[in-house]
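All of the numbers you see were taken from the coordinates with simple rules; none came from a lab. What you see is a predicted model, and the numbers here were worked out from it, not measured in a lab. Ideal geometry is used to build each Cβ from the backbone, glycine not excepted, and the neighbour counts take in all protein chains shown.
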Amino acid sequence: MDPQTIVTALASGALVGALLGVFGGGGSVLATPLLLYVVGVRDPHVAIGTSAAAVAVNAAANLMGHWRGGRVKWPCASVFAAAGLLGSFLGSSVAKMVEGQRLLLFFAFAMAAIALSMLRRPRSEGDPDVHITWPLVRRLAPLGVLTGAAAGFFGIGGGFLIVPGLMAATGMTLANAAASSLVSVALFGAATSLNYALSGWVDWRIAGVFILGGAVGGMFGVKGAALLAGRALLARRLFAALVLLVAAYVAWRALGGL
């Protein structure tokens, strides 16, 4: 690893960590494009596997801050995450069989879907006092499996699906859903990276530097989430516009490589 790779990996990790801290769901979507087009990872599968490992650790670190803030609904988050683990292994196994540039093209469409989902205004404020019940478990588990499969296939945390899924199934608030989504983001990312590592598609040196940068960025991101609480929708829409632009660039590069 040369100095330029170290600096770009640190900066990229810090950016992703900050976005994860602020937005929870969708915050990790820029990890793979940053590894490919800023850090300089050449193999799309290595970029996806490495980003999954880094995002899993960064999500777990950010989760601690939200936990201390009392925003994580652990029973609901745990049911959703546990159900999705199998899906994430299955999804990532299918993705490993897809040619790299085609996988990036699919990834670009996923990015666009993430951005569009972040543009929507939540239907209601939600219930901050939601508690787990058996009817909620029956709604959460199937959603968890499907979301885990999508997260594993695209090599992302899947927070853009987890957040609305948690809100729809339980009626919790957006703040609680964004914080609780990090439980699944961490577990799905760990499962995906482990699957890629079995094929030798994780660069642990870059992942380590990326994680270090993410730890620093995450501390600022969690604080930023509190500061932006009154303007959360505007912040999410600005971030969504950025993700749409990056998705278009990824699609253009992927089509050029086919």
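Based on the Cβ-Cβ distance of Leu245 and Asp129, what FRET efficiency does E = 1/(1 + (r/R0)^6) give at R0 = 45 Å, to the nearest 0.05? Once the sixth-power term is evaluated, E becomes 0.70.
Most tightly packed first, judged by the mean number of other beta-carbon atoms within 10 Å of their residues, the peptides 86-96, 242-252, 143-153, 177-187 read 177-187, 143-153, 86-96, 242-252. For the stretch 75-91, the Karplus equation 6.51 cos²θ - 1.76 cosθ + 1.60, evaluated at θ = phi - 60°, returns couplings of x, 5, 4, 5, 4, 4, 5, 4, 5, x, 4, 4, x, 5, 5, 5, x Hz by residue, with Gly and Pro reported as x. Dipole size of the stretch 3-257 about its Cα centre, with +1 on Lys/Arg Cβ and -1 on Asp/Glu Cβ: approximately 380 debye, rounded to the nearest 20. Phi angles across the stretch 175-181 convert, under the Karplus curve 6.51 cos²θ - 1.76 cosθ + 1.60 with θ = phi - 60°, into 3J(HN,Hα) values of 4, 5, 5, 4, 5, 5, 4 Hz, Gly and Pro given as x. Dipole orientation for the chain: of the candidates Ala53, Leu143, Ala197, Leu143 has the Cα lying most toward the positive pole (charges on Cβ; Lys, Arg +1; Asp, Glu -1).
Spacing of the modelled spin labels on Ala215 and Leu146, each 7 Å from Cα toward Cβ, amounts to 3.8 nm. Extension gain for the segment Leu233 to Phe109, taken as residue separation times 0.36 nm less the Cα-Cα distance, is 42.4 nm to one decimal. A convex hull fitted to the Cα coordinates of the chain yields 100 cubic angstrom per residue.
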